[in-house]
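Beneath this line is the structure, given in structure tokens, with notes to follow.
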Amino acid sequence: MEQLVHSGLPLYLDETSLILAISASLKLESYSRKVTGDMKGLLACEQCIDAKAPFYDVYRDIAYPKDQALFQKYGYRYDITVILPGLAGGECKKTSGHYHGFNPTHTNTYGEVYEVLKGNALYILQKCGDFESHPDRVKIEDLYAVRVNEGQSIIIPPNYGHASINIGYGPLIFSNLALISCPVLYDAIKSHQGMAYYVFREEGRLRFHQNPHYEDLPKLKNAVVRQNPALGIEFGKPVYQSFVENPQAFDFLANPDPYIDAIMELLMIT
Ligand SMILES: [Fe+2]
């Protein structure tokens with residue numbers, strides 16, 4: 001068993017099954033698994049897959065009982081996702097991808113924090129304002145491929161659809177902290193057969209393939225992440241711990257409007 005030390009929690013990975021062992025001192029609300037067949041309509045190549053192969057696991061709402069009231073007060077939830085190793089038709093395994101709903105004033109959608117606990121992650125971020133009004137034919141206004149390494153975190157900027165991609169050779173394990181009431185919207189991603197780019201690993205190198213179901217895509221910008229302790233993001237310090245110590249730092253999750261510039265500054269184009 002390997003402890004997921006970057007979480008700061010008593011969470012362990014069974015290296016054989018790649019299932020998490022969660023200490024009885026923590027509460028876990030639910031667990032679910034997606035197999036490759038569940039990703040139908042989201043992969044570059046649908047013919048070249050093993051439909052029964054595990055794809056990713058989600059462990060929802062993890063917290064110490066003593067912290068549950070704090071999570072409830074803010075309306076946030078802490079989950080963990082494990083994207084299993086291996087490729088699907090040459091494509092790196094990934095989450096489905098989705099957009100978040102708008103805040104009540106419809107000025108911005110909600111953001112989210114992802115923290116890489118093990119492995120190497122790439123996040124595709126695609127800015128879009130018409131995913132609800134024109135889900136079949138969206139206009140992507142801005143596009144990033146962001147690499148996030150173990151122990152680092154990324155704030156998914158409001159207004160950006162996002163998917164997590166396992167670009168390493170082992171499992172990719174990451175946590176997310178998000179507003180529970182935030183709507184999660186999949187239709188505009190499904191109707192374009194995935195995000196704007198597919199990521200393949202060919203002969204040990206990553207290759208980005210543009211998704212032909214999108215028109216007039218902006219240039220894909222490669223980026224890495226910066227930290228900002230004022231937003232609770234300190235590399236090497238667990239997000240769970242940052243939240244419990246200073247929950248107000250994560251106000252941007254519930255009230256995105258004043259924080260857009262500060263969040264975008266965390267993406268450093270390479
Ligand atoms: Fe999300």
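Taking max minus min of the alpha-carbon positions on each principal axis, the chain gives extents of 48, 47, 32 Å, largest first. The mean sequence separation of alpha-carbon pairs under 8 Å and at least six residues apart, normalised by the residue count of the chain, gives a relative contact order of 21 percent. About its Cα centre, the dipole of the chain is roughly 300 debye, where the only charges are +1 on Lys and Arg Cβ and -1 on Asp and Glu Cβ.
Are there GluC sites (Glu not before Pro) in segment 108-192 that DSSP puts in a loop and that have at most 11 other Cβ atoms within 10 Å, and which ones?
Working: sites: E112, E115, E132, E141, E150; in loops: E132, E150.
Passing both the DSSP loop test and the Cβ count: no residue.
Which trypsin sites (Lys or Arg not before Pro) in segment 28-93 sit in a loop by DSSP (not H, G, I, E or B) and have at most 11 other Cβ atoms within 10 Å of their own Cβ? Working shown, then result.
Numbers: sites: R33, K34, K40, K52, R60, K66, K73, R77, K93; in loops: K40, K52, K93.
When the trypsin sites (Lys or Arg not before Pro) of segment 28-93 are filtered for loop state and at most 11 Cβ neighbours within 10 Å, K52 remain.
At 1.4 Å probe size, put H162, H6 in order of accessible surface, largest to smallest. Please list the in-between numbers first.
Numbers: H162 5, H6 55 Å².
Greatest to least solvent exposure: H6, H162.
Checking the cross-link pairs K66/K190; K73/K237; K40/K127; K40/K66 against a 32 Å limit on the alpha carbon distance flags K66/K190; K40/K66 as lying beyond it. Separation of segment 114-181 from segment 221-251 is 16 Å, based on Cα centroids.
For the pair E203 and D251, the difference between a 0.36 nm per residue extended length and the Cα-Cα distance amounts to 13.0 nm. State the answer as a single residue: which of T95, N166, Y186 lies farthest towards the positive end of the charge dipole of the chain, with beta carbon charges of +1 for Lys and Arg and -1 for Asp and Glu, about the Cα centre. After comparing all options, I get N166. Under a 5 Å amide H cut-off, with hydrogens placed 1.01 Å from N, K93 pairs with A88, N166 among residues at least 5 apart or on other chains. Residue separation of Q47 and E15 scaled by 0.36 nm, minus their Cα-Cα distance, works out to 8.6 nm of gained length. For segment 14-30, 3J(HN,Hα) computed residue by residue from phi via the Karplus equation (6.51, -1.76, 1.60; θ = phi - 60°) reads 6, 5, 7, 8, 6, 8, 7, 9, 10, 3, 5, 6, 10, 9, 10, 7, 7 Hz, glycine and proline entered as x. Considering only T16, G41, I233, and ranking their Cα positions along the charge dipole of the chain that arises from unit charges at the beta-carbon of Lys, Arg, Asp and Glu, the one farthest toward the positive end is T16. Counting only protein chain heavy atoms and rolling a 1.4 Å probe, the accessible areas of M195, M1, M268 rank, largest first, as M1, M268, M195.
When you filter the trypsin sites (Lys or Arg not before Pro) in segment 125-234 for DSSP loop state and at most 16 other Cβ atoms inside 10 Å of their Cβ, you are left with R137, K139, K219, R226.
The values are calculated or read from the model by the stated rules, or taken from the named source; none is laboratory data. Note that the structure is predicted; figures quoted are calculated from it, not measured. Neighbour counts run over all protein chains shown; Cβ positions are idealised from the backbone, glycine included. When the accessible area is computed, the model is the full protein with side chains, heavy atoms only, and any ligands, DNA or RNA have been set aside. Shrake-Rupley method; radii C 1.70, N 1.55, O 1.52, S 1.80 Å.
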